[in-house]
Structures are given as structure tokens and as C-alpha cells.
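The values are calculated or read from the model by the stated rules, or taken from the named source; none is laboratory data. Everything numeric here is computed off the predicted structure, so don't read it as measured data. Heads up, the Cβs are rebuilt from the backbone with ideal geometry, glycines too, and the neighbour counts pull from every protein chain shown. Note: areas computed on protein heavy atoms with side chains; ligands, DNA, RNA excluded. Shrake-Rupley method; radii C 1.70, N 1.55, O 1.52, S 1.80 Å.
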Amino acid sequence: MELGRVEGTVVSTAKVDRLVGYKLLLVNLISPDGVATANYLVAVDGVGAGKGEVVLLVRGSSARQSKTLQSVPTDTSIVAIVDS
């Protein structure tokens, strides 16, 4: 798992059917102390995150382990919004 801050939304009008209805977000990875790393990822949002929020990301096969994302072709998913 990794920490990141949502920087914005990625808009894609042409995508595979299994991605239709899912929000794609641009996420900047951050260090544990909250410093931005300038390493960006596009992630499928599984929890309703918004711009500026700190989120928990999973990559690889773990990105498809939640019930709502198991059939989505993704390598990176947002699985939680960090409160503190």
C-alpha cells in the first residue's frame, strides 16, 4: 500500500467497457510525512475520493481484490481515504 494525494481527474471519452462508470484520478505519491514525491499515477477510484484528499493506493493484483473492482482492468486502485 502507498499514500498519495489526489491532484485531479483524468477524463477519457474512449475506454474499454469495463472502465465505464469508474472515476480515474491523478494521484501524486507522498512520503509518510506527507511530502509530495512528484511521482504520479492514474488510479481507479473505488471509494469516492476528491481533489486534495490523501488516499491509500494498492497496485498490481491487489488493485482488483475489492468486490467492486474485481472485474476492472486496472493496475492501481484507491481503496481508502485517509483521515489521519
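Odds and ends about this structure:
- In a DSSP loop and with at most 13 other Cβ atoms within 10 Å, the trypsin sites (Lys or Arg not before Pro) in the range 17-84 are LYS51, LYS67.
- Residue separation of ALA38 and ILE81 scaled by 0.36 nm, minus their Cα-Cα distance, works out to 13.5 nm of gained length.
- Heavy-atom accessible area ranking, 1.4 Å probe, most first, across ASP75, ASP17: ASP17, ASP75
- Partner lysines for LYS51 [C-alpha distance under 23 Å; skip if fewer than 8 residues away on the same chain]: LYS15, LYS23
- Rolled with a 1.4 Å probe across the full set of protein chains, the surface gives VAL35 an accessible area near 80 Å².
- Remark on THR74: its backbone amide H falls under 5 Å from none of the residues 5 or more positions apart or on other chains, H modelled at 1.01 Å from N.
- Working note: Cα gyration tensor of the chain, eigenvalues times five, square-rooted, sorted largest first, giving semi-axes of 21, 14, 11 Å.
- Neighbourhood net charge (13 Å Cβ-Cβ; Lys/Arg +1, Asp/Glu -1) for GLY8: 0
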